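There's a structure below that I have some questions on.
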Amino acid sequence: MKRAFVTSITLLLVASGSLVVGQNTRFSDPDTVIKNEFWGNLYANGGSSFFCNAPFTSKGFLLTDGYVYPLADIRSALDCGTSRQCEQDNRYRQIASDLHNMVPVKTRTEMQRRNVRYENLGETIKTDDCGIRESAGFFEPPAAVKGDVARTVAYMVDTYGLPWLGATPVFQGWSAMDPPDDTELTRHRRVAEIQGNGNPFVTQPDRIKRL
């Protein structure tokens, strides 16, 4: 009876696409993952840039692989040294290979996000053509992806023990105001299939309230 119950739960998880096994344990070579899995698999047929929602059919020089939780902040949290030194750190390589944190981003936008913290900046700060607000080292994403950002940051914090990149209530508020939509859920299922684990904050959005 117990075995049948466990089997049923396992099948349910697989069928739901959650596949939550804690963290990325399948990939640990960031460069290979970016080339083969991110661009070569997840976005092989194109898609839309994350913050600007600009459609693309293939990667061009105006588009790059971005990270919702920036790699520079991961290196700082792990205290593994320079970029080159961290590339020799197995923990860093595993975290930097996590597809849940990777998104296609306009190169210009990715450069603007260096060394910033996520925050609500208010309407006194004008938005750019993508709906982004920036001021004095703070970055407010467009409303359409605020929840996506919040749930990704929560995943990185909870899964890998990284620090928040802003005030926790800000991310909790963003997740509540922008719940998972079909685009986010579809991407999540694809990443879970490729990588072998899911982001529980996408499948269980209320979980962010407990962090």
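The values are calculated or read from the model by the stated rules, or taken from the named source; none is laboratory data. From a predicted model like this one, the values you see are computed outputs, not experimental measurements. Every residue, glycine as well, gets a Cβ built from its backbone with ideal geometry; the counts of neighbours run over all protein chains shown.
With (1) in contact with a helix residue (DSSP H, G or I) (Cβ under 9 Å, 6 or more places away or on another chain); (2) farther than 22 Å from A77 by Cβ; (3) at pLDDT 95 or above as the list, and L162 as the residue in question, which single condition is left unmet?
It fails just one condition, (2).
Here's something else I'd like to know. Suppose the filter is at pLDDT below 95, hydroxyl-bearing (S, T, Y) and either loosely packed, with under 14 Cβ neighbours inside 10 Å or part of a loop (DSSP other than H, G, I, E, B) (or both); does T7 pass it?
yes
Find the residue count for segment 51-85, including only residues that are charged (D, E, K, R) and surrounded by fewer than 13 Cβ atoms within 10 Å (Cβ to Cβ).
2
Name the residues in segment 97-123 that are over 13 Å from E37 (Cβ atoms), among the aliphatic types (A, V, I, L, M) and in contact with a Phe, Trp or Tyr (Cβ under 7 Å, 6 or more places away or on another chain), would you?
Residues satisfying the conditions are V103, V105, V116, L121.
Where residues in segment 176-191 are surrounded by fewer than 21 Cβ atoms within 10 Å (Cβ to Cβ) and among the β-branched types (V, I, T), which of them is nearest to D98 (Cα to Cα)?
Selected residue: T186.
Specify the residue that is farthest from G81 (Cα to Cα); the eligible residues are those in segment 91-116 that are of a type in the set (D, E, K, R) and surrounded by fewer than 15 Cβ atoms within 10 Å (Cβ to Cβ).
Within segment 91-116, the match that is farthest from G81 (Cα to Cα) is R108.
List, please: which pairs have Cβ atoms under 7 Å, are six or more places apart or on different chains, and start with a residue in segment 170-184 that is within 16 Å of E140 (Cβ to Cβ) and end with one that is of a type in the set (D, E)?
What qualifies is V170/E119.
Hey, another quick one. Residue by residue through segment 62-111, note down the ones that are assigned to a loop (DSSP other than H, G, I, E, B), over 21 Å from Q195 (Cα atoms), among the hydrophobic types (A, V, I, L, M, F, W, C) and modelled with pLDDT of 95 or more.
C80
Go through segment 62-100 residue by residue and tally those that are in contact with a helix residue (DSSP H, G or I) (Cβ under 6 Å, 6 or more places away or on another chain) and among the polar types (S, T, N, Q).
Residues that pass the stated criteria total 2.
Right, another one. Report, by residue number, each residue of segment 121-154 that is surrounded by 15 or more Cβ atoms within 10 Å (Cβ to Cβ) and among the polar types (S, T, N, Q).
Answer for segment 121-154, where residues must be surrounded by 15 or more Cβ atoms within 10 Å (Cβ to Cβ) and among the polar types (S, T, N, Q): just T152.
Here's a follow-up. Can you run down the residue pairs with Cβ atoms below 6 Å, 6 or more apart or on separate chains, where the first is in segment 33-50 and part of a helix (DSSP H, G or I) and the partner is surrounded by 13 or more Cβ atoms within 10 Å (Cβ to Cβ) and of a type in the set (S, T, Y)?
If the second residue must be surrounded by 13 or more Cβ atoms within 10 Å (Cβ to Cβ) and of a type in the set (S, T, Y), the pairs left are V33/S97.
Which condition number in (1) assigned to a helix (DSSP H, G or I); (2) among the basic types (K, R); (3) at pLDDT below 95 is the one that R114 fails?
(1)
Counting just the residues of segment 63-120 that are without any contact (Cβ under 8 Å) to a residue 24 or more places away in the chain and in contact with a Cys (Cβ under 6 Å, 6 or more places away or on another chain), which one comes out nearest to G173 (Cα to Cα)?
Filtering first and then ranking leaves R75.
Next up: In this structure, is I194 crowded, with 18+ Cβ neighbours inside 10 Å and either touching a Ser or Thr at 6+ places or on another chain (Cβ under 6 Å) or under 20 Å from F50 (Cα atoms) (or both)?
So I194 fails the test.
Residues of segment 127-161 being aliphatic (A, V, I, L, M), free of Cβ contacts under 8 Å to residues at least 40 places away in the same chain and outside any helix (DSSP H, G or I), which ones?
A136
Follow-up question, since we're still on this one. May I ask you to verify whether W164 is under 23 Å from L121 (Cβ atoms) and assigned to a loop (DSSP other than H, G, I, E, B)?
Against the criterion (under 23 Å from L121 (Cβ atoms) and assigned to a loop (DSSP other than H, G, I, E, B)), W164 qualifies.
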